[in-house]
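Shown next, in structure tokens, is the structure this report addresses.
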Amino acid sequence: MSDKSERQGYWYGLESRKQMGAVDVLNALRDYRSAEADMRRRTQASMGMGETDLMALRYLLEAERAGRDVGPKELTVRLGITSASMTSLVDRLVRSGYVTREPNPADRRALILRPTPGSDQEVRSTLGDMHARMMEVADTLSAQESAVVVDFLRRMREAIDAVAI
């Protein structure tokens, strides 16, 4: 790719050579985010789920591995959705066989959401190859390079989180 095509996509002018490098980094991040979004769409289509459904299932699987019970209220807060949306989401996940509702032994009025035994295996088989490929790439970094990348990504996240819209 030519220098010009690699630096397209930003509407502000470049004041220095250093900024050209920064634009290259931002373009690479944009390309990565686009590829990741495409992968998520393929995964969701493969599993017959929407993005929020997949996020909910992943959260429930993580909680199960940590030995924590999760109820609909906690999941509603975690996903930032309304209780009505949560009811529809849980209904879909139960209907598709990914989640079960169980009574909470500490409070009979409350429910615990649990991933079904097969849901963990399906997520692993669907995402396993992608995670393995990503790990192969990350493993090529030295400890120092890893530290630089992690620091950079954390600072980028903080920069984005600080934007008030």
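If packing is taken as the average number of other Cβ atoms within 10 Å across a peptide's residues, how do 154-163, 126-135 rank, most packed first?
On the way: 154-163: 9.0, 126-135: 11.8.
Averaged packing, sorted descending, gives the order 126-135, 154-163.
Quick one: Karplus J couplings for segment 72-78, per residue in order, coefficients 6.51, -1.76, 1.60, θ = phi - 60°, nearest Hz, x for Gly and Pro?
With coefficients 6.51, -1.76 and 1.60, one gets x, 5, 4, 5, 4, 5, 4 Hz.
Please compute the net charge surrounding ARG41, taking Lys and Arg as +1 and Asp and Glu as -1 over other residues with Cβ under 14 Å from its Cβ. Write down the numbers at each step before the final one.
Details: positive: ARG33, ARG40, ARG42; negative: GLU36, ASP38, GLU51, ASP53.
My count for the surroundings of ARG41 gives -1.
Please work out whether segment 73-127 counts as rounded, prolate or oblate from its C-alpha gyration tensor, where a ≥ b ≥ c are the square roots of the eigenvalues and a/c under 1.5 means rounded, while otherwise a/b larger than b/c means prolate and anything else oblate?
Numbers: a/c = 2.05, a/b = 1.38, b/c = 1.48.
Oblate.
For segment 76-165, what's the relative contact order in percent, using C-alpha pairs closer than 8 Å and at least 6 residues apart?
Numbers: 38 pairs, mean separation 12.0, N = 90.
Relative CO of segment 76-165 lands at 13 percent.
Leaving out ligands and nucleic acids, and using a 1.4 Å probe, what accessible area per residue does the chain come to in Å²?
Numbers: 11810 Å² over 165 residues.
I get 72 Å² per residue for this part.
What is the mean projected area of the alpha carbon convex hull for segment 29-68, to one decimal in square nanometres?
For the Cα atoms of segment 29-68, the hull's average projected area reads 3.4 nm².
Pull up all non-local amide H partners of THR116: gap of 5 or more, or a different chain, and H-to-H distance under 5 Å with H placed in the peptide plane.
VAL99, THR100
So what J values fall out for segment 108-116 if you push phi through Karplus, 6.51 cos²θ - 1.76 cosθ + 1.60 with θ = phi - 60°, rounded to Hz, Gly and Pro as x?
4, 7, 9, 10, 10, 9, 10, x, 6
Can you give me the pair-distance distribution of the chain, C-alpha pairs, 10 Å bins, whole percents?
Bins of 10 Å from zero give 8, 26, 29, 22, 11, 3, 0 percent of pairs.
Would you mind telling me the share, in percent, of accessible area of segment 75-118 contributed by carbon and sulfur at probe 1.4 angstrom? It would help to have the intermediate numbers written out before the result.
Details: 1500 of 2810 Å².
Heavy-atom surface of segment 75-118 belonging to carbon and sulfur, 1.4 Å probe: 53 percent.
Which order, highest average first, do 47-57, 66-76 follow once you tally other Cβ atoms within 10 Å for each residue and take the mean per peptide?
Details: 47-57: 17.9, 66-76: 14.6.
Per-residue mean Cβ counts within 10 Å order the peptides as 47-57, 66-76.
The values are calculated or read from the model by the stated rules, or taken from the named source; none is laboratory data. Note that this is a predicted model, so its numbers are computed, not measured. Every residue, glycine as well, gets a Cβ built from its backbone with ideal geometry; the counts of neighbours run over all protein chains shown. Accessible surface areas use protein heavy atoms only, side chains included; no ligands, DNA or RNA. Shrake-Rupley method; radii C 1.70, N 1.55, O 1.52, S 1.80 Å.
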